[in-house]
Amino acid sequence: MAVFEGTFTQAEPLRFALVIGRFNDLVTGKLVEGCQDCLKRHGVDTNPHGTQVDYVWVPGSFEVPVVARQLALTHRYDAIICLGAVIRGQTPHFDYVAAEVTKGIAASGFQTGVPVIYGILTADTMQQALERAGIKSNKGWDYAMNALEMGSLMRQLRANVEVEPYRNNSQSLPASLKSAIAADLSAAPEEMGG
Ligand code: INI
C-alpha cells in the first residue's frame, strides 16, 4: 500500500485557472495578489500571457461556480481557484449569495473530479474582509497553497492508482465497457418485451 500527499516543490507542469468575482473588488483584487505571490514563490509563472495561469473575471460570487465548472470540464487545469468576497449588508442577499456559491463550488469539483478551491471570503464588514485580504494576512496565499497541494496530489493519483479523469461524456470509458453498454442497449428491447 502507499501514502499519497501533494507537494509544493514541483509546480512547473501544473496549470491553474482563477475565477474571480468583481463585486467587492477592493477585496478580491487583493486575494488575487496573495494567490499570485504564493504561486510565484513556488515556481509558477503567473503571467496571464504565459502557459500556467488563466484569469477569468465574473460579475460577482454568484457567477463563479458556473464558470469554474465549465473550465473544469475542459480538463486543461490541475486546479481551479475561486475567489470572491461576500460581505453582510442590511439585506438577506448575503445569505442567498453565500449559500449558492458554496454549493455551486462544491458541486463543480465533485462533478468534474477537478479540485475547485473554495476561496470565497464571507465577512460581516468590509474591514473584516480586508483584514483577511492583506491587512493582517492574505487568504489568497492559503487558497493557492491548497491548489498546489491538490493539483499535485491528483497528478500522483492519476499516475499511480488509475484514477480516470471524469469527463462529461462517454469518451473516457474503456472500449470493453463501451461495447458492454452497447450490447446491453441492443438487448434491452427484447428483454423488456419478453
Ligand atoms: N456578490 C458578491 O460577490 N459579494 C456580495 O457581497 C454580494 N452581495 O452582497 O450582493 C454579491 N452580489 C452579486 C451577486 O454575486 C451577483 O453578481 C448578482 O446577483 C447577479 O447575479
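Derivation of every value follows stated rules applied to the coordinates shown; laboratory data play no part. All figures in this text were calculated on a predicted structure; none of them were measured in a lab. Cβ sites come from the backbone with ideal geometry, for glycine too, and all protein chains shown count toward neighbours.
Remark: segment 137-153, residue by residue, has Karplus-estimated 3J(HN,Hα) of 9, 10, 5, x, 4, 4, 5, 5, 4, 4, 5, 4, 5, 6, x, 6, 4 Hz, where x stands for each Gly or Pro and the curve is 6.51 cos²θ - 1.76 cosθ + 1.60 at θ = phi - 60°. Among the listed pairs Lys40/Lys139; Lys30/Lys103; Lys30/Lys136, a Cα-Cα separation exceeding 21 Å is found for Lys30/Lys103.
Could you tell me which of rounded, prolate or oblate describes segment 111-151, using a ≥ b ≥ c as the square roots of the eigenvalues of the alpha-carbon gyration tensor, with rounded for a/c under 1.5 and, failing that, prolate when a/b is larger than b/c and oblate otherwise? Oblate.
Here segment 1-98 is treated with +1 on each Lys and Arg Cβ and -1 on each Asp and Glu Cβ, and its dipole about the Cα centre works out to around 120 debye.
Along the axis of the charge dipole computed for segment 1-109 (Cβ charges of +1 for Lys and Arg, -1 for Asp and Glu, origin at the Cα centre), the listed residues Pro13, Val97, Val3 are led at the positive end by Val97. Annotation: extensible slack from Asp25 through Ala2 equals 4.0 nm (criterion: 0.36 nm per residue apart, minus Cα-Cα distance). Relative contact order of segment 16-160, please, whole-number percent, based on alpha carbon pairs below 8 angstrom and at least 6 residues apart. Over segment 16-160, the number comes to 31 percent. With both residues required to sit in segment 1-155, DSSP beta bridges show an antiparallel share near 5%.
Using the average count of surrounding beta-carbon atoms within 10 Å as a protection proxy, the listed peptides 152-160, 72-80 rank, highest first, as 72-80, 152-160.
Assuming R0 = 25 Å, what is the FRET efficiency of Asp37 and Met126, from their Cβ-Cβ distance, to the nearest 0.05? With a Förster radius of 25 Å, E is 0.70.
Ordered by the number of other Cβ atoms lying within 10 Å of each residue's own Cβ, fewest first, Ile81, Ile20 fall into the sequence Ile20, Ile81.
If neighbour count is taken as other Cβ atoms inside 10 Å, put Thr46, Thr7 in order from fewest to most.
Fewest-to-most Cβ neighbours within 10 Å comes out as Thr7, Thr46.
Evaluated with a Cβ-only charge set (Lys, Arg +1; Asp, Glu -1), segment 16-160 carries a dipole of roughly 200 debye about its Cα centre, given to the nearest 20. Computed packing ranks the peptides 82-89, 50-57 as 82-89, 50-57, most packed first, by mean other Cβ atoms within 10 Å.
With a ≥ b ≥ c taken as the square roots of the eigenvalues of the C-alpha gyration tensor of segment 82-146, please select rounded if a/c is under 1.5 and otherwise prolate if a/b is larger than b/c or oblate if it is not? Could you put the intermediate results ahead of the total?
On the way: a/c = 4.92, a/b = 1.22, b/c = 4.03.
In terms of gyration-tensor shape, oblate.
This ranking places Leu148, Leu26, Leu14 by how few other beta-carbon atoms lie within 10 Å of each, fewest first, which gives Leu26, Leu14, Leu148.
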